[in-house]
There are 2 protein chains.
Amino acid sequence: MITKLENIFQKIQENILVKFEEFEGTPFRDKSLDSWTRKEGGGGKTAVIANGNFFDNCAVNFSSIVGKNLPEAALKNKKNISNGKFSAMGVSVISHPKNPHVPTSHMNVRLFCLFDSNGNIKDWWIGGGYDLTPYLPYRDDIKIWHKEAKHLLDSFDKTYYKNFSKECNDYFYIPHRKERRGVGGIFFDNLKDLSIENSLIFLENVAKQYLNSYVEIASKRKDTKYSQVEKEFQLIRRGRYVEFNLVYDRGTAFGLQSNGRIESILASLPAEVKWSYKKDDEYKALEKKLLKYINEDWNV
Amino acid sequence: MITKLENIFQKIQENILVKFEEFEGTPFRDKSLDSWTRKEGGGGKTAVIANGNFFDNCAVNFSSIVGKNLPEAALKNKKNISNGKFSAMGVSVISHPKNPHVPTSHMNVRLFCLFDSNGNIKDWWIGGGYDLTPYLPYRDDIKIWHKEAKHLLDSFDKTYYKNFSKECNDYFYIPHRKERRGVGGIFFDNLKDLSIENSLIFLENVAKQYLNSYVEIASKRKDTKYSQVEKEFQLIRRGRYVEFNLVYDRGTAFGLQSNGRIESILASLPAEVKWSYKKDDEYKALEKKLLKYINEDWNV
């Protein structure tokens, strides 16, 4: 059964890679897809493009691991759970485009199963979502991002969008910056409203919608000219992404705590980042505009 | 009394700035020293140089804060403590030099006091240390760094160097990389072996020895030519510094948990960093050499 489930996630990874390859204009799957195994059980396939035509870097990771006890990071908000032998599989995508007019994006879909001593599933749930981090924001793009997410979620459950977009805002909040990581999207965890079959269909649809919406936005902005100041702004703002991922992100913590493949886990970090103590007026003006968008509730 | 103690730490900051200014060749104290206050009590002075002649960036921070309860990060390894009104003051230095032949260095000296309801000190301790993170390592430099630390510590207590250099290796270990952050130095916490007066003299001497040793090493290496490959190697290896500081460092966690001034706390991060998934042979050769030095026990 594990293999059947894995095939679903690997197909999701494949679809994203095909689309990103078109974007990039050169094939990168063959030379970039690393298969790896994990000592404690399971493994994955990591595809990374670095210093491409469209992407500064981009990681599309599939992983499927098994173990004796779920790490703490996976049990947040799970009460009264009897931990034990588990399987955790999923796909995660982080794209850091070159052009600061194109937002950074992140998508993750995952399935957790807990097994009893006979190897039967005693508990399971899904999690995932996607979110957008613009640098030079466009109102229209953000609206598309949220409207299309709502449209998809409404077809499963009319309450999903409202809840999951709020969860996304809450999850991607950076307390020490008093800012969100971006303009949101959807985030869900510990979900088992649907049957396991329908949950997987739901995850497939989430991944597909992410891809369509992101490609739509990126296509519009990828040829827009940008200045050195705007690129510098992007590099400094990317620091927020690093801060969030290393200090707060449960996915990263899960990877570190489960002794995962470190290159794959940290492939989410941007290829190039700057930190700057003092900001000049040009930077401040760009940030002021961005923060206005970031602090807005985009629930549509 | 607080003011008297603060003066000691501010003098330490001043001495370092004077020396670093000589290094930099241009004055930067006047234009770079920001005074700030913290809403909950206390404040500090942050001096940052960015994109200088010698430093890519460098932060020399003094802070003295008061509050109702010490944050968790300050209580690690403190057992049976009755938390309460506290004062925490210290100086921390992080230098990220341009030239990859010159190591990154870090120094911190700090004093914690806990007060009873009458405002009398009910408990106190000191902490601190300094450590070195080379990119293109020189055996001689690392030996100087450790020998001089041992020489200083021996004059206070013959057991200090052995214990504090081990604590440094343990503290600056990056579990997810299975590497130390650098070649070590000294680290101590919860120390109250000496009288409070002698503890402060000890901290002054630690700061002075750090400065002398670092200036000695940096002076030797600062004019050594380097290649683009070596600079790139430094930028990627700096990622380890970011990973350590954001994921594990108690000083950073203390700052974030105590609602400190975020620009000052994160001034420890390098001005420019790269993450790279695939490494080329030149990178691998440089890293192989470096890891050999990093994994060596330098206790002299």
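The values are calculated or read from the model by the stated rules, or taken from the named source; none is laboratory data. Here the structure is a predicted model, which is why all the values come from computation and not from measurement. As a convention, Cβ positions derive from the backbone with ideal geometry for all residues, glycine included, and neighbour counts pool all protein chains shown.
Taking the conditions exactly as written (more than 21 Å from B:A253 (Cα to Cα) and either of a type outside the set (S, T, Y) or touching a Ser or Thr at 6+ places or on another chain (Cβ under 9 Å) (or both)), does B:N77 satisfy them or not? Explain how you work it out, then say what you get.
Working: more than 21 Å from B:A253 (Cα to Cα): no; either of a type outside the set (S, T, Y) or touching a Ser or Thr at 6+ places or on another chain (Cβ under 9 Å) (or both): yes.
The answer is no for B:N77.
Suppose the filter is in contact with a Pro (Cβ under 8 Å, 6 or more places away or on another chain), part of a loop (DSSP other than H, G, I, E, B) and away from chain B (no Cβ under 14 Å); does A:P100 pass it? Steps first, please.
Values: in contact with a Pro (Cβ under 8 Å, 6 or more places away or on another chain): no; part of a loop (DSSP other than H, G, I, E, B): yes; away from chain B (no Cβ under 14 Å): yes.
No, not satisfied.
Just one of the numbered conditions (1) closer than 30 Å to A:F254 by Cβ; (2) surrounded by 15 or more Cβ atoms within 10 Å (Cβ to Cβ); (3) within 14 Å of another protein chain (Cβ to nearest Cβ) is not true of B:S264; which one?
Here B:S264 clears every test but (1).
Looking for something touching a residue at least 60 places away in the same chain (Cβ under 8 Å), in contact with a Lys or Arg (Cβ under 8 Å, 6 or more places away or on another chain), buried (at least 16 other Cβ atoms within 10 Å of the Cβ) and not β-branched (V, I, T) - is there at least one such residue anywhere in segment B:117-127?
Yes, the conditions are met somewhere in segment B:117-127.
Determine whether segment B:144-167 contains at least one residue that is under 24 Å from B:K289 (Cα atoms), without any contact (Cβ under 8 Å) to a residue 12 or more places away in the chain and over 14 Å from the mean Cα position of the chain (by Cα).
Within segment B:144-167, none of the residues are under 24 Å from B:K289 (Cα atoms), without any contact (Cβ under 8 Å) to a residue 12 or more places away in the chain and over 14 Å from the mean Cα position of the chain (by Cα).
Among the listed residues B:F202, B:F233, identify the single one that is buried (at least 19 other Cβ atoms within 10 Å of the Cβ), more than 14 Å from chain A (Cβ to nearest Cβ) and more than 29 Å from B:A73 (Cβ to Cβ).
Working: B:F202 fails: more than 29 Å from B:A73 (Cβ to Cβ).
Only one candidate passes the filter, namely B:F233.
Yes/no matrix, rows are residues, columns are (1) at pLDDT 90 or above; (2) within 14 Å of chain A (Cβ to nearest Cβ); (3) surrounded by fewer than 23 Cβ atoms within 10 Å (Cβ to Cβ):
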{"position": "B:S35", "(1), (2), (3)": "yes, no, yes"}
{"position": "B:I49", "(1), (2), (3)": "no, yes, no"}
{"position": "B:A73", "(1), (2), (3)": "no, yes, yes"}
{"position": "B:L111", "(1), (2), (3)": "yes, no, yes"}
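Of all residues in segment B:135-147 being touching a Ser or Thr at 6+ places or on another chain (Cβ under 8 Å) and not aliphatic (A, V, I, L, M), which is farthest from B:N190 (Cα to Cα)? Full working, then the answer.
Quick first cut of segment B:135-147, residues touching a Ser or Thr at 6+ places or on another chain (Cβ under 8 Å) only: B:135, B:144-146.
With the extra rule that they be not aliphatic (A, V, I, L, M), the set shrinks to B:135, B:145-146.
Working: B:Y135: 31, B:W145: 24, B:H146: 22 Å.
Ranking the qualifying residues of segment B:135-147, first place goes to B:Y135.
Kindly provide the set of residues from segment A:58-97 that are of a type outside the set (S, T, Y), under 21 Å from A:F172 (Cα atoms) and in a strand (DSSP E or B), ordered by number.
A:C58, A:A59, A:V60, A:N61, A:G90, A:V91, A:V93, A:I94, A:H96, A:P97, listed by residue number.
Against the definition (surrounded by fewer than 16 Cβ atoms within 10 Å (Cβ to Cβ) and touching a strand residue (DSSP E or B) at 6+ places or on another chain (Cβ under 7 Å)), how does B:T3 come out, yes or no? Can you show your working first?
Numbers: surrounded by fewer than 16 Cβ atoms within 10 Å (Cβ to Cβ): yes; touching a strand residue (DSSP E or B) at 6+ places or on another chain (Cβ under 7 Å): no.
In short, no.
Does segment A:282-299 include one or more residues that are under 28 Å from A:L111 (Cα atoms), of a type outside the set (S, T, N, Q) and within 11 Å of chain B (Cβ to nearest Cβ)?
Filtering segment A:282-299 down to residues under 28 Å from A:L111 (Cα atoms) leaves A:298-299.
Pick out the ones that are also of a type outside the set (S, T, N, Q) and you get A:298.
Checking which are within 11 Å of chain B (Cβ to nearest Cβ) leaves us with none.
No, segment A:282-299 contains no residue that is under 28 Å from A:L111 (Cα atoms), of a type outside the set (S, T, N, Q) and within 11 Å of chain B (Cβ to nearest Cβ).
Looking at A:Y214, is it more than 13 Å from every other protein chain (Cβ to nearest Cβ) and outside any helix (DSSP H, G or I)?
On the way: more than 13 Å from every other protein chain (Cβ to nearest Cβ): yes; outside any helix (DSSP H, G or I): no.
Criteria not met by A:Y214.
Being over 18 Å from the mean Cα position of the chain (by Cα) and among the hydrophobic types (A, V, I, L, M, F, W, C): is that true of B:F62 here? Talk me through it step by step, then tell me what you get.
Details: over 18 Å from the mean Cα position of the chain (by Cα): no; among the hydrophobic types (A, V, I, L, M, F, W, C): yes.
No; evaluated as a whole, the condition is false for this residue.
Can you tell me how many residues in segment A:184-221 are within 19 Å of A:L132 (Cβ to Cβ) and either in contact with a Phe, Trp or Tyr (Cβ under 6 Å, 6 or more places away or on another chain) or aromatic (F, W, Y) (or both)?
Total satisfying the criteria: 8.
Which ones in segment B:113-136 are at pLDDT 95 or above, touching a Gly at 6+ places or on another chain (Cβ under 9 Å) and not in a strand (DSSP E or B)?
Across segment B:113-136, the qualifying residue is only B:P134.
Given the options A:S117, A:S92, name the one that is out of contact with any Ser or Thr (no Cβ under 6 Å at 6 or more places or on another chain) and closer than 19 Å to A:R261 by Cβ.
A:S92
Could you list all residues from segment A:268-281 that are more than 28 Å from A:V48 (Cα to Cα), facing chain B (nearest Cβ under 10 Å) and of a type outside the set (S, T, Y)?
Filtering segment A:268-281 down to residues more than 28 Å from A:V48 (Cα to Cα) leaves A:277-281.
Within this subset, residues satisfying the condition of being facing chain B (nearest Cβ under 10 Å) are A:277-279.
Selection gives A:K278, A:K279.
Among the residues of segment A:246-256, write down those that are more than 9 Å from chain B (Cβ to nearest Cβ) and not hydrophobic (A, V, I, L, M, F, W, C).
A:Y248, A:D249, A:R250, A:G251
Taking A:G184, is it away from every other protein chain (no Cβ under 14 Å), at positive phi and out of contact with any helix residue (DSSP H, G or I) (no Cβ under 6 Å at 6 or more places or on another chain)? Step through it out loud before you land on a result.
Numbers: away from every other protein chain (no Cβ under 14 Å): yes; at positive phi: yes; out of contact with any helix residue (DSSP H, G or I) (no Cβ under 6 Å at 6 or more places or on another chain): no.
No, not satisfied.
For a quick check of your reading of the model, give me the residue pairs whose first member lies in segment A:60-75 and is among the hydroxyl-bearing types (S, T, Y), whose second is in a strand (DSSP E or B), with beta-carbon atoms closer than 6 Å and at least 6 apart or on different chains.
A:S63/A:G44; A:S64/A:G42; A:S64/A:M89
Which one of the conditions (1) within 19 Å of B:S227 (Cβ to Cβ); (2) modelled with pLDDT of 95 or more; (3) not aromatic (F, W, Y) does B:K279 fail to meet, given that it meets all the rest?
(2)
In segment B:4-25, is there at least one residue being β-branched (V, I, T), over 26 Å from B:G119 (Cβ atoms) and touching a helix residue (DSSP H, G or I) at 6+ places or on another chain (Cβ under 9 Å)? Quick ask: steps written out before the conclusion?
Initially, segment B:4-25 is screened for residues β-branched (V, I, T), giving B:8, B:12, B:16, B:18.
Pick out the ones that are also over 26 Å from B:G119 (Cβ atoms) and you get B:16, B:18.
Now drop any that are not touching a helix residue (DSSP H, G or I) at 6+ places or on another chain (Cβ under 9 Å), which leaves B:16, B:18.
There is at least one residue in segment B:4-25 that is β-branched (V, I, T), over 26 Å from B:G119 (Cβ atoms) and touching a helix residue (DSSP H, G or I) at 6+ places or on another chain (Cβ under 9 Å).
Checking the conditions here, which among B:S95, B:S105 is in contact with a helix residue (DSSP H, G or I) (Cβ under 6 Å, 6 or more places away or on another chain), buried (at least 23 other Cβ atoms within 10 Å of the Cβ) and within 25 Å of B:I8 (Cα to Cα)? Full working, then the answer.
On the way: B:S95 fails: in contact with a helix residue (DSSP H, G or I) (Cβ under 6 Å, 6 or more places away or on another chain).
After ruling out the rest, the residue left standing is B:S105.
Out of everything in segment B:149-181 that is farther than 27 Å from A:L256 by Cβ and either touching an Asp or Glu at 6+ places or on another chain (Cβ under 8 Å) or within 14 Å of chain A (Cβ to nearest Cβ) (or both), what residue ends up being surrounded by the fewest Cβ atoms within 10 Å (Cβ to Cβ)?
Selected residue: B:D157.
If we scan segment B:268-279, do we find a residue that is of a type in the set (G, A, S), within 29 Å of B:I126 (Cβ to Cβ), buried (at least 18 other Cβ atoms within 10 Å of the Cβ) and over 17 Å from the mean Cα position of the chain (by Cα)?
No, segment B:268-279 contains no residue that is of a type in the set (G, A, S), within 29 Å of B:I126 (Cβ to Cβ), buried (at least 18 other Cβ atoms within 10 Å of the Cβ) and over 17 Å from the mean Cα position of the chain (by Cα).
Just the residues that are outside any strand (DSSP E or B), under 14 Å from A:M89 (Cβ atoms) and of a type outside the set (K, R), please, taken from segment A:31-55. Walk me through how you get there before you give the answer.
Kept after step one, since they are outside any strand (DSSP E or B), are these residues of segment A:31-55: A:31-32, A:38-41, A:51-54.
From the residues that got through so far, the ones that are under 14 Å from A:M89 (Cβ atoms) too are A:38, A:41.
Across segment A:31-55, the qualifying residue is only A:G41.
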